[in-house]
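A quick write-up on the structure given underneath.
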Amino acid sequence: METISLLSDFGVSDVEIELDCKTVMDAFNSDVPSSTEFDTIISTCKYRLSYFSDYLVSLVRRQEGMKTG
């Protein structure tokens, strides 16, 4: 959420976010309301993204053997 706010503060108008977690991607694509903390965070991100003139959230596959963290 902080990164989305920073992009807005810097005047960025087109945003592309790449996710490597299908669960998060599915949550972004869902319109089913829920009251979990996870869904609240996703809803807040979607709301903040709606202020950009154009945005895309996409799923990218992790490559085999890539280290995370």
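Of the helices (runs of 4 or more DSSP H) lying entirely inside the chain, the ones with 3 or more residues being open to solvent by less than 90 Å² (accessible area, probe 1.4 Å) and either at positive phi or of a type in the set (D, E, K, R) (or both) are found at 37-49.
Remark: pairs (first residue in region 33-53, of a type in the set (Val, Ile, Thr); second residue modelled with pLDDT under 90 and open to solvent by 70 Å² or more (accessible area, probe 1.4 Å); Cβ separation under 8 Å; 6+ apart in sequence or on different chains) = ILE41/MET1; THR44/MET1.
Across region 7-16, which residue is farthest from ASP39 (Cα to Cα) among those that are under 15 Å from the mean Cα position of the chain (by Cα) and at pLDDT 90 or above? Here the residue is ASP14.
The values are calculated or read from the model by the stated rules, or taken from the named source; none is laboratory data. Note that the coordinates shown come from a computational prediction; the quantities given were computed from them, not determined experimentally. Glycine also receives a Cβ, built like all others from the backbone with ideal geometry; neighbour counts cover every protein chain displayed. Remember, those area values only see protein heavy atoms, side chains included, never the ligands or the DNA or RNA. Shrake-Rupley method; radii C 1.70, N 1.55, O 1.52, S 1.80 Å.
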